[in-house]
Amino acid sequence: MHALFLAPRSHGSRTFAAKAAGYGTPTSSRQSLSQIGHQLSTDPKVQAAISEVSASYLTTLGPPAVRALRRLLDDPKHKDHGRALGIIMDRVTPVQSAAVLKVEGEVKISAADAARVMERIEELSAKFMQPIPAPKIIEHERAG
């Protein structure tokens with residue numbers, strides 16, 4: 001797997017990695033190794049391994065990346081100085097936004113629908129042997 005990351009150039013890296021991993025024979029052509037490399041790269045297990053090794057490489061690249069960024073930030077005349085500052089600030093104090101969503105509506109349920117719902121609740125309560133608490137009575141005045 002590591003050979004894929006250590007290939008001398010990006011073009012042909014799968015061919016290089018397939019050969020380094022021992023695929024093919026000593027007389028296999030580059031075309032044959034290229035096809036093997038392509039087939040391997042579409043295998044979900046190989047893709048998972050590539051992802052795992054990539055994460056490992058990225059983790060180890062952290063310190064040199066930070067050093068390079070620090071050198072860039074120490075040079076205010078560098079053409080990307082402002083861009084680097086922006087990147088750092090976006091990571092240190094990310095922009096936050098808030099949205100307010102107001103939803104209004106009215107739900108109307110008929111007495112017959114309410115009775116069917118209550119019957120179903122009673123059926124499920126009996127089936128699972130769970131007692132139903134006594135309903136709360138809400139006092140109201142009849143409209144009209």
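Computed from the coordinates by the stated procedures, all read-outs in this text should not be read as laboratory data. Quantities reported herein were computed from a predicted structural model and do not represent experimental measurements. Cβ sites come from the backbone with ideal geometry, for glycine too, and all protein chains shown count toward neighbours.
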- So how much slack lies between Val100 and Ser54, counting 0.36 nm per residue of separation and subtracting their Cα-Cα distance, in nm? 12.6 nm
- Query: So how do Val117, Val103 line up by other beta-carbon neighbours within 10 Å, fewest first?
  - Reply: Val103, Val117
- Item | 222 nm mean residue ellipticity, helices alone, for the chain (DSSP H n ≥ 4; -39,500 (n - 2.57); rounded to 500) | -18000 deg cm²/dmol
- Could you give me the ³J(HN,Hα) list for segment 78-85, computed from phi with Karplus coefficients 6.51, -1.76, 1.60 and θ = phi - 60°, whole Hz, x at Gly and Pro? 5, 4, 9, 4, x, 5, 5, 4
- Message: Can you compute 3J(HN,Hα) from phi for each residue in segment 113-123, using the Karplus curve 6.51 cos²θ - 1.76 cosθ + 1.60 with θ = phi - 60°, rounded to whole Hz and x for Gly and Pro?
- Response: 5, 4, 5, 5, 4, 5, 4, 5, 4, 5, 4
- For the chain, build the charge dipole from Cβ charges (+1 Lys, Arg; -1 Asp, Glu) around the Cα centre, then report which of Gly37, Ala20, Gly62 sits farthest towards its positive end. Ala20
- Query: Taking Lys19 as the anchor, which lysines have their alpha carbon closer than 20 Å to its alpha carbon, excluding any fewer than eight residues away along the same chain?
  - Reply: Lys45
- Note on the structure: Taking a straight Cα-to-Cα line shorter than 27 Å from Lys136, and setting aside same-chain lysines fewer than 8 residues away, one finds Lys108, Lys127
- Item | Relative exposure of Tyr23, Tyr57, judged by other C-beta atoms within 10 Å (fewest first) | Tyr57, Tyr23
- What full-extension length gain, to one decimal in nm, is calculated for Val92 and Arg67 as 0.36 nm per residue of separation minus the Cα-Cα distance? 7.3 nm
- On the formula 1/(1 + (r/R0)^6), with r taken between the Cβ atoms of Asp75 and Met1 and R0 of 41 Å, the FRET efficiency rounded to 0.05 is 0.65
- Structure-derived volume of the Cα convex hull per residue in Å³ - corresponding label in (i) 213; (ii) 384; (iii) 107: (ii)
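If you average the sequence gap of Cα pairs under 8 Å that are 6 or more apart and divide by the length of the chain, what percent do you get for the contact order?
11
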- What length, rounded to one decimal in nm, is gained on full extension from Lys127 through to Thr25, with 0.36 nm per residue of separation minus their alpha-carbon distance? 30.0 nm
